[in-house]
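Single-structure report; data block below.
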Amino acid sequence: TAGYWLRCMSTLETIELNGRNYKKDHMTNVPQNIINRLNKQLHNTKDHPLEIVKSKIVDYFHGYFRNRHGGCVFASIDNISPVVTVQQNFDNLLVPKDHVSRSKNDNYYINDLQMLRAHTTAHEIDLISSGWNAFLNTGDCYRRDAIDKSHFPVFHQLEGVRIFDDFELFEETKDNSLRILEKTASMRTEEKQAEHTIDAARITEFNLKYTLMKLVENLFGDNVEMRWVDAYFPFTHPSWELEVKLNGEWMEMLGCGILEQQILKYAGAGDRIGWAFGLGLERFAMKLFDIPDIRLFWSEDERFLKQFKTGVDTTFQPFSKYPPSYKDISFWVNDGNFSSNDLFEIARSVGGDVIEEMTLVDQFVHPKTQRESHCYRITYRAMDRTLRDEEVNDVQNKLRSEAAKLLHIELR
Ligand code: FA5
Ligand code: MG
């Protein structure tokens, strides 16, 4: 019995992820429905659309970039654990201590030192330090995010990095007076970092954008519509996002930029210059196969999985969608700390995959009490069956009671 009680004690104080126990503390916020998705390895599952798109991207890089000896320039890695330190996910990447992106509201923390990676950039310094000059690194990422057709709290990124020395960067210019680093640091401008020469920054930017545009054309055809948008990331400067038109709407596919020189210095490559990008594998697969909803990637329905085969180009044939049903939840907010992500997370843990979408449809302040009222519309729909009324009511009632219990709100 002592063993039994010890086990009970330890489940209170630890959290088990992929068979390992981690210390819990005030930061722990990984719910069971996320733990259940750890180690699904969709990106390494043969004939899964995410694996197919990953392989196509890796093949493009292997086909286009060869070294003098005919070998592949880019190494490909896809099996690094998503459990990382807060240092890897943020500090190593120069994310300020008080930056909003660190918030417990937006991330899954295991404890105050460890978390589920929010992006594959978390491994940049480790991989560069271990000697790679060019690599592709694919993995599952975790974020407390909104629920809609292109966002899911578990998704996959493919990270690409390429680092150049003076010779490689300027080889084609045939001008051997060009250098990556300024002799004395100049000014940081919108176009470049202080350490870099303008020539180095321009050639690196061109190489990055050209590589990614060719990737997009290679996957989606020469007529694909795309555009560059200026962006900001703490770990790159300058930075951009690439958007692609999908069914008449612009969809963000990736973020990228020139690595902050400080990061290369940390990694022992301060004499070189590098670019990096992180792309959403689901977004690429949605465009490639015309898959309309990101939740489908988690489907175990044969009518979905059967449609994809490695090496065969296909377009997704939607099977009849089951009818949706709609429910509203309205409440008064009792303090200024209300966050819709907390409500979304409760919805995900009580509803799992049957909640397709939640949108704020009404919000107002009561003129007398000054209290704020919110109303969210919930779309219930399953991918593989028609939901019964009782089932929807059941989830809706659980959602109402959990929300009332866990959030500072008063149901209306
Ligand atoms: C990043 O995560 C940066 N680490 C990308 C980067 C890498 C920039 C290297 C510079 C250098 P962002 O949060 O924008 O950036 O996410 C990158 C891509 O991941 C998005 O463009 C999108 O395609 C995908 N993505 C992000 N969040 C989700 C989500 N919740 N569901 C599905 N895909 C997502
Ligand atoms: Mg972005």
Give the aspartates and glutamates reachable from K104 as a straight Cα distance under 15 Å; neighbours fewer than 8 places away on the same chain don't count. D25, D112, D145, D342, E345
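Calculated from DSSP H runs of 4 or more alone, at -39500 (n - 2.57) each and per residue, what is the 222 nm mean residue ellipticity of the chain, nearest 500?
Details: 12 runs with 119 residues, N = 412.
Using -39500 (n - 2.57) per qualifying helix, the result is -8500 deg cm²/dmol.
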Relative contact order of segment 37-136, pairs being alpha-carbon contacts under 8 Å that are 6 or more residues apart, as %: 27 percent
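Is the C-alpha gyration tensor of segment 44-187 telling us rounded, prolate or oblate? Criteria: a/c under 1.5 is rounded; beyond that, a/b larger than b/c is prolate, otherwise oblate. Show your work: numbers first, answer last.
Details: a/c = 2.46, a/b = 1.35, b/c = 1.83.
Oblate, since a/c reaches 1.5 and b/c is not below a/b.
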Mean separation of Cα contacts under 8 Å (at least 6 apart) over the residue count of segment 99-170, i.e. the relative contact order in percent, is 30 percent
For the chain, what is the relative contact order in percent, using Cα pairs closer than 8 Å and at least 6 residues apart in sequence? 14 percent
Residue order, fewest to most beta carbons within 10 Å, for K306, K287: K306, K287
Enumerate the aspartates and glutamates that K54 could reach by cross-link, defined here as Cα to Cα under 15 Å, with residues fewer than 8 away along the same chain left out. D78, D140, E159, E282, D313
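Based on DSSP H assignment, which helices of the chain show an axial Cα extent of at least 27 Å together with a mean Kyte-Doolittle hydropathy greater than or equal to -1.0? List each step's numbers first, then the result.
Details: long enough: 198-220 (33 Å, 0.30).
The answer, listed by residue number, is 198-220.
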Arrange E124, E357, E16 by Cβ neighbour counts within 10 Å, fewest through most, would you? E16, E357, E124
Fewest to most neighbouring Cβ within 10 Å: what's the order for Y326, Y376, Y22? Y326, Y22, Y376
GNM of the chain, Cα pairs under 10 angstrom: of G63, G139, G278, the biggest fluctuation goes to G63
If every Lys and Arg gets +1 and every Asp and Glu gets -1 at its Cβ, then about the Cα centre the chain yields a dipole, in debye to the nearest 20, of 680 debye
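Values in this text are rule-based calculations from the coordinates and carry no lab data. The shown structure was predicted, so the numbers you read here are calculated from the model rather than taken from an experiment. Cβ atoms come from the backbone with ideal geometry, glycine included; neighbour counts cover every protein chain shown.
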